[in-house]
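Everything on this sheet refers to the single structure shown next.
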Amino acid sequence: MSEQNVHVCFLSQDLGFAPPLGRALGNEFTTQARSQTEPGALVDLREWCDVILLDVRAAGTHGNYEAALQVVDEIRKLASPPPIVALCDEGNRQVLLAAIERGVYDTITNPPNMLELRLVLRRAYRSHAAEIELEQLKASTRASGRLHELIGTSSVMHELFGLAQKIAPCDVNVLITGETGTGKELLARAIHQMSSRAARQLVAFSCANLPETLVEDELFGHEKGAFTGALTMRRGRIEAADQSTLFLDEIGDLALGLQPKLLRVLQERTFERLGSNSTVTVNIRVICATNRNLDELVQQGKFREDLYYRLNVVQMHLPPLRDRRDDIPLLAQHFLDDASEQFRKKAKRFSQPALHALEEYAWPGNVRELSNAVQRAVVLSDGPTVEIWQLPIAVRNGCEAPQFARSYEEEVREFKRRLVLRTLRECGWRKAESARTLGVARGYLHRLINQLGIQQQDEETVEVPVSVPSSTRIM
C-alpha cells in the first residue's frame, strides 16, 4: 500500500456515480468501481484494495438496506479485510447505526462532502496500514524480541536475553536482581526452559514475610512426628527440585538462622529433613531473586557473605519499566491481546492518547502493574479501541491532558470554524457576501455554519488575524 495513492474499491449498484466520484477524489486516490458485491468477487481485491467505499444508499433504493449491510458481514469474514466506509442517506439514522454496528470503519452521508470523504478514506487507509504493520511487528517480535514469556526489543533486554541464552546450558547458580514486578520469575523460568533440566518442572518458593519455622519446613520438609501436627512425612521444596531447578524469590528476606542450612545445600548438595538424622542428597540448580541490595545487607550483618558469593555466580539485573519505555507499546499490546481473548472482548488497539499515557506513566509496579492496568481497560472497553478514560486514574494523572495533540480531523474542523467565523465578521454577517469571499455556494455555507455550530453572538477571539483572499475556497 502506498501513502501517496490510496486504492478505493467503490461497491455500488449505481456505477454512473463512479466516474465523477473518482474525479472529485483527485490524483491521490485510485478508484475502481464494482457492482458485484458477492464475497467471491472481493477476494481478488484484498491485495489491491486499501479501502472499500460501500454505497448503502444505492443498495437501499427500494428500501432493501439489509442486502448492503450483509455485504459488510461477508467482507469482514475475509482474512485481513480492508476497512469499509459506508455511504448512507442523510437523515437515515437507523441505517447509519446499523452500519456502525456491523463493523464499518466510518459512515458518510449523501451527498458527500468531498473534503470530508477524502479525510475519512485517508484515515481509514492509515489505520489499516498501521494494523498490518503491527501484525508484522508482532511476527518479527516472536522471533527476535521474546525469550519465552519475557518480551522486549530494547537494547538492554536484548543484552539480557543474550546473557540468559549463554548461561542457561551451564549449571551455575544465578542471582536475579530488580524491582518488584519486573518479571524476575519469568526470567528464571526462561533460563530453566533453555537448560538441560527443562524436562522436569521448575520448583518455586518465595521467602518473603514468612515465619522462619514455616520457611524451614517448606524448604527442607519433615519426618512424621517431627512436631505437633506432623502426621505424615513431607518432602520439602529442595527435595522436590531434585534433578531440576529451585527458584527462591526474595532471598534477601531469608532468616539468618536458615542461611547456613541453605549454604550447605549449595556446597554439598545434602540436607536433613526436620526430625530426621538421615541425609538426603539432591542434584539441583539454584536461581535466586531479590529486590533488595544484598551488598548492603551483607555489610549490615543481615546476610551471610559466604552465602552471597555462592548465590552470586552470575548476576542478572532486570531494569524497571521506566528505564525501557521503548518496550511499553509492545508489552501493552501483548497484554491487550491476551486480555481480549481471555475476557472475549473486541479490543484490538489503543487510542493515541491512551498509548501516550501508558508511555509517560512512571510504572512504580513495573510490568505487573502494566498488565493489571491493561486488563482493567479491556474489561471496561466496549469496542475495538481502548480509550484513555478506561485506564486507571493514576495512569491518566501521570500524563497531563494538554500534552495530547488534537487529531487531524479536529485541527481541520477548528481551522474551518475560525476561517468561516472570521469571514462572517468581516462581511458583517452577510452570508451571500461571505460565500462569495470564501468561494463556496451559499447553501453549502449555511450547512457549514450549522455543522460547525457558529452563531452570530459567538464572541470567540482570534489570536492571529488572517485576511481571507477572494480566491480562498473551502472544499
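Miscellaneous remarks
- Helical mean residue ellipticity (222 nm; -39500 (n - 2.57) per DSSP H run of 4+; nearest 500) of the chain: -13000 deg cm²/dmol
- Looking at the chain alone, DSSP beta bridges between its own residues are antiparallel in about 15 percent of cases.
- In range of the label at Met233: residues from the stretch 253-296 whose backbone nitrogen is under 16 Å from the point 7 Å along Cα→Cβ: 271-282
- Taken over the stretch 71-204, the percentage of Cα pairs per 10 Å bin, counting from 0 up to the bin with the maximum distance, is 10, 26, 18, 13, 17, 12, 4, 0.
- The stretch 155-319 gives an Rg/Rh value of 0.97, both radii derived from C-alpha positions and Rh following Kirkwood.
- Neighbour-limited loop hits for chymotrypsin sites (Phe, Trp or Tyr not before Pro), the stretch 260-323 (at most 13 other Cβ within 10 Å; DSSP other than H, G, I, E, B): none
- Volume in Å³ per residue [convex hull over Cα atoms, computed for the stretch 322-403]: 77 Å³
- For Ser206, the residues whose modelled amide H falls within less than 5 Å of its own, excluding neighbours fewer than 5 places apart on the same chain, are Asp249.
- The relative contact order of the chain comes to 10 percent, based on Cα pairs under 8 Å that sit 6 or more residues apart.
- The ranking of Ile388, Ile52, Ile132 from fewest to most other beta carbons within 10 Å of each one's beta carbon is Ile132, Ile388, Ile52.
- Nonlocal amide H pairs with Thr109, under 5 Å, H built at 1.01 Å: Cys88
- When the P(r) of the chain is calculated, the portion above 43 Å amounts to 40% of the C-alpha pairs.
- Here the spin labels are modelled as points 7 Å beyond Cα on the Cα-Cβ line, and at Val298 and Gln70 they lie 7.6 nm apart.
- Couplings 3J(HN,Hα) for the stretch 184-200, derived from phi with the Karplus relation 6.51 cos²θ - 1.76 cosθ + 1.60 (θ = phi - 60°), are 5, 5, 4, 5, 4, 5, 5, 4, 4, 5, 8, 9, 6, 9, 5, 5, 9 Hz, where x marks Gly and Pro.
Since every read-out is calculated from the coordinates, none of them should be taken as a lab result. All of these numbers come straight from a predicted model, not from anything done at the bench. No Cβ is skipped: glycine too gets one built from the backbone with ideal geometry, and neighbour counts run over all protein chains shown.
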